[in-house]
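In what follows, a single structure is set out as structure tokens and then discussed.
Every read-out reported here was derived from the displayed coordinates using simple, explicitly stated rules and does not represent laboratory data. These numbers come from a predicted model, not from an experiment. Cβ: placed from backbone, ideal geometry, glycine included. Neighbour counts: every protein chain shown.
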Amino acid sequence: MDFTKDLVDKFAKDLLIGLTPEENKMVLDEFKVIESGMDKIANIPNISEEDVMTHPLEYDNVSLRDDLSVRELSTEEVLQNAKCKTEEEIIVPKVVM
Amino acid sequence: MESVIRILKNANKEQLLKKTLEKVHDNQELCNSFVTIMDNAKLNPESDSVLSNIPYVLKDNYSTKGILTTGSSNTLKDYIPPFSSTVYEKLSLAGAIMVAKSVMDEFGMGGTGLTGHTGIVRNPWDTSLIAGGSSAGSAASVAAGVVPFAIGSDTGDSVRKPAAHCGIVGYKPTYGMISRWGLLPFASSLDHVGVFARTVSDVAIVVDVLKGKDEKDMTTWDSSNINLEAHLNDSVNGKKLFYFKELCDISFYENPSDDLKKVIEEFNNTINVIKRIGIDVVEESFPKELLDAIPSVYTCISCAEATSNMSNLTGIIFGPRETGNINEMIINHRTLNFSSLIKRRFIIGSYVLQRENQEKYFVNALRVRNRIVRLMKEKFNNYDGLILPCSASHAPKIHGTTDVIRQDLATLENHMAIGNFGGFPSITIPNGMIDGLPIGVNITGNIYDDENVLAIASHIADSMPYEGQIAGDNK
């Protein structure tokens with residue numbers, strides 16, 4: 001899949017982000033550098049046989065903690081960041097049109 | 001060098017706090033280091049804690065209950081967290097006083113300190129220069145002598161590079177040694193908590209307070225057997241460091257700049273100092289194709305993780321809510337409030353995660369990451385650490401510096417991401433001056449070997465005249 005101006009706009013749309021023409025061009029320019037680097041990586045000897053590393057440390061003794069029911073936030077704290085609210089409720093945008 | 005924090009332990013804390021807040025405002029005018037200044041900061045009851053009533057600066061990506069936390073982004077410009085990060089809680093419990101929250105590159109994505117929503121951060125050594133990023137305000141405030149320590153975060157080199165540009169110490173311990181609960185995530189497999197100070201002793205003291213297993217962060221591990229400060233004076237005689245000839249031999253560079261020549265010259269001077277204190281330093285080779293791959297590997301992994309981590313920034317749950325139907329609200333929120341840099345990173349992250357692209361980009365990046373880390377660990381079987389210059393020059397000029405990824409980006413500017421790939425403990429100390437401006441050297445060791453890495457760094461710093469310096473003191 002070639003990385004083109006139209007493709008940049010498609011990804012921006014999927015991500016719900018608007019781009020200016022200048023920003024679109026910057027993405028393309030930056031991607032050329034990454035593409036060049038990744039082409040070189042693909043040619044590193046035996047790289048396809050290498051394990052993937054998703055995390056720096058190995059955790060062989062991890063267990064999930066028990067769920068504890070606690071009341072963390074007061075109504076006042078919950079409403080603190082809500083710009084649209086009634087006395088005790090957050091007003092959310094209409095989702096079903 | 002003696003700890004600044006321990007010296008301040010016996011100071012008049014009321015006067016210290018008052019003086020510190022004056023310096024905070026002076027520094028704000030000079031460098032624009034802060035998003036929030038805590039003018040109403042109060043003294044705590046004095047205690048035995050080494051950090052009792054010691055003032056500090058916190059990067060603005062650490063959640064602080066009831067106190068603005070923006071990540072230096074317009075998307076969170078009015079966000080007040082209902083909970084606190086473990087780092088903030090531990091420092092508060094130890095009696096330390098947060099006097100300001102510092103400007104950073106938006107969400108930590110950047111290395112310049114130029115992309116925060118409240119404006120650019122200037123370097124206190126020369127305000128026409130960048131402080132480096134992403135932990136720009138934290139570095140600038142320590143370098144200017146405002147506070148004895150500051151907290152940063154480090155995903156690629158965001159503590160260790162600004163430390164070099166500002167002539168101070170910057171340390172990120174082994175991955176998971178400090179809880180990241182409440183730290184706004186950038187790239188979770190690379191994110192580390194880090195500390196700035198003007199001496200190695202001070203970063204050791206602060207990390208000793210911060211470290212420990214945290215039930216809220218499953219990547220933390222039990223470090224109760226580690227005491228960094230207690231081991232700083234351990235003998236380093238017979239220790240062994242190595243460096244990559246591919247990065248430190250000037251003949252590997254085509255048309256090297258005068259600054260790069262001076263950086264390499266200062267590096268060689270430092271190597272000679274290190275050898276004189278009984279540490280062996282050996283030139284080693286590392287596959288050039290892997291070193292050259294570091295910027296692309298870092299970009300692929302970090303952008304992919306960031307795209308996922310920040311998908312909740314819609315303007316619906318928090319942040320400025322824009323107008324329109326729900327889709328238009330989100331589009332307007334993200335379009336109007338994310339900087340250009342963040343938008344570009346998200347698109348690249350989304351692209352490399354597409355099913356048809358994953359193998360070539362994301363999976364290959366994870367394979368290279370594994371190979372680099374595996375080869376580093378093989379080196380650490382024979383050596384106590386890797387030592388390298390932190391950058392190819394002193395801090396660059398603000399004018400002309402961008403975060404655009406460039407074809408000619410030097411590997412020398414990006415090698416510290418190795419520390420994040422492997423979760424290795426890594427510390428920057430100042431090692432020289434170029435044209436009156438500081439530069440730094442970085443030491444990286446094997447995971448869990450933090451005591452050894454800090455002892456080596458402490459002895460080296462003690463052997464040079466740069467530890468403890470404050471910007472502007474010689475003017």
Cα-based Rg and Dmax for region B:297-402, where Dmax is the largest Cα-Cα distance (Å)
19.3, 62
Considering the Cα positions of region B:350-406, please state its Rg to one decimal place and its Dmax as a whole number of Å.
17.3, 44
Nearby aspartates and glutamates by direct alpha-carbon distance to residue B:239 (threshold 17 angstrom, same-chain neighbours under 8 apart not counted)
B:280, B:283, B:284, B:378, B:384, B:449, B:450, B:451, B:462
Ignoring everything except DSSP H segments at least 4 long, calculate the 222 nm mean residue ellipticity for chain B; use -39,500 (n - 2.57) per segment, divide by total residues, nearest 500.
-10500 deg cm²/dmol
Candidate lysines for bridging to residue A:85, where Cα separation is under 25 Å - those fewer than 8 sequence places away on the same chain excluded
A:94, B:65, B:77
About the Cα centre of the protein assembly as shown, what is the dipole size in debye to 20, counting +1 per Lys and Arg Cβ and -1 per Asp and Glu Cβ, all else neutral?
620
The distance between the Cα centres of region B:173-245 and region A:40-80, in whole Å, is 19
For region B:209-309, what does the relative contact order come out to in percent, with C-alpha contacts under 8 Å and a separation of six or more?
29
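When only C-alpha pairs under 8 Å and at least 6 residues apart count, what is the relative contact order of chain B, in percent?
Numbers: 1107 pairs, mean separation 88.8, N = 475.
Normalised by residue count, the contact order of chain B is 19 percent.
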Which aspartates and glutamates have a Cα lying under 15 Å from the Cα of residue B:261, excluding residues fewer than 8 positions away in the same chain?
B:246, B:249, B:413, B:435
Counting alpha carbon pairs within less than 8 Å and at least 6 residues apart, what relative contact order, in whole percent, applies to chain A?
14
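Within the set B:42/B:216; B:19/B:172; A:32/B:213; B:101/B:213; B:172/B:262, which residue pairs have Cα atoms separated by over 31 Å?
Working: B:42/B:216 28 Å; B:19/B:172 29 Å; A:32/B:213 42 Å; B:101/B:213 25 Å; B:172/B:262 27 Å.
As for pairs spanning more than 31 Å Cα to Cα, those are A:32/B:213.
Provide Rg over Rh for chain B; use the alpha carbon set for both Rg and the Kirkwood Rh (inverse mean inverse pair distance).
Values: Rg = 20.9 Å, Rh = 22.1 Å.
Here the Rg-to-Rh quotient is 0.95.
Please give the contour-minus-distance gain from residue B:397 to residue B:251: 0.36 nm per residue of separation, less the Cα-Cα distance, rounded to one decimal in nm.
Details: separation 146, 0.36 × 146 = 52.56 nm, distance 2.63 nm.
Length gained between residue B:397 and residue B:251: 49.9 nm.
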If you place +1 on the Cβ of every Lys and Arg and -1 on the Cβ of every Asp and Glu, how big does the dipole about the Cα centre of chain B come out, in debye to the nearest 20?
680
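How long are the semi-axes of the ellipsoid equivalent to region A:5-48, from square roots of 5 times the Cα gyration tensor eigenvalues, in whole Å, largest first? Don't skip to the answer; put the middle values down first.
Details: eigenvalues 155, 28, 7 Å².
Here the semi-axes work out to 28, 12, 6 Å.
Where does region B:1-160 land on the Kirkwood hydrodynamic radius, alpha-carbon pairs, in angstrom? The partial results should precede the final answer.
On the way: mean 1/r = 0.0646 Å⁻¹.
Evaluated on region B:1-160, it is 15.5 Å.
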With r defined as the distance between the Cβ atoms of residue B:268 and residue A:22 and R0 fixed at 56 Å, what FRET efficiency is calculated, to the nearest 0.05?
0.85
Mind checking the log10 I(q)/I(0) for chain A at q = 0.15, 0.23 Å⁻¹? Debye, one equal scatterer per Cα, no solvent, two decimals.
-0.94, -1.18
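Just to check, using Stokes-Einstein with a Kirkwood Rh over alpha carbon pairs, what's the diffusion coefficient of the protein assembly as shown at 37 °C and 0.692 mPa s in µm²/s?
Details: Rh = 24.0 Å.
Value of D from the Cα-based Kirkwood radius: 137 µm²/s.
What dipole magnitude, in Debye to the nearest 20, does region B:173-247 give about its Cα centre under +1 on Lys/Arg Cβ and -1 on Asp/Glu Cβ? Write out the running numbers ahead of the final one.
Details: 8 positive and 10 negative charges, 53 e Å.
The dipole magnitude comes to about 260 debye.
Can you pull the mean other chain C-beta count within 10 Å for peptide A:60-68? Walk me through the numbers on the way to the answer.
Details: counts 0, 1, 3, 1, 1, 3, 0, 0, 0.
The shielding value for this peptide is 1.
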Take peptide A:74-83, look around each residue's Cβ out to 10 angstrom, count Cβ atoms belonging to other protein chains, and average those counts.
3
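What longest range of chain B stays clear of loop-exposed GluC sites (Glu not before Pro) (DSSP non-H/G/I/E/B, at most 11 other C-beta within 10 angstrom)?
Working: sites that count: B:2, B:46, B:215, B:254, B:356.
The longest such stretch corresponds to B:47-214.
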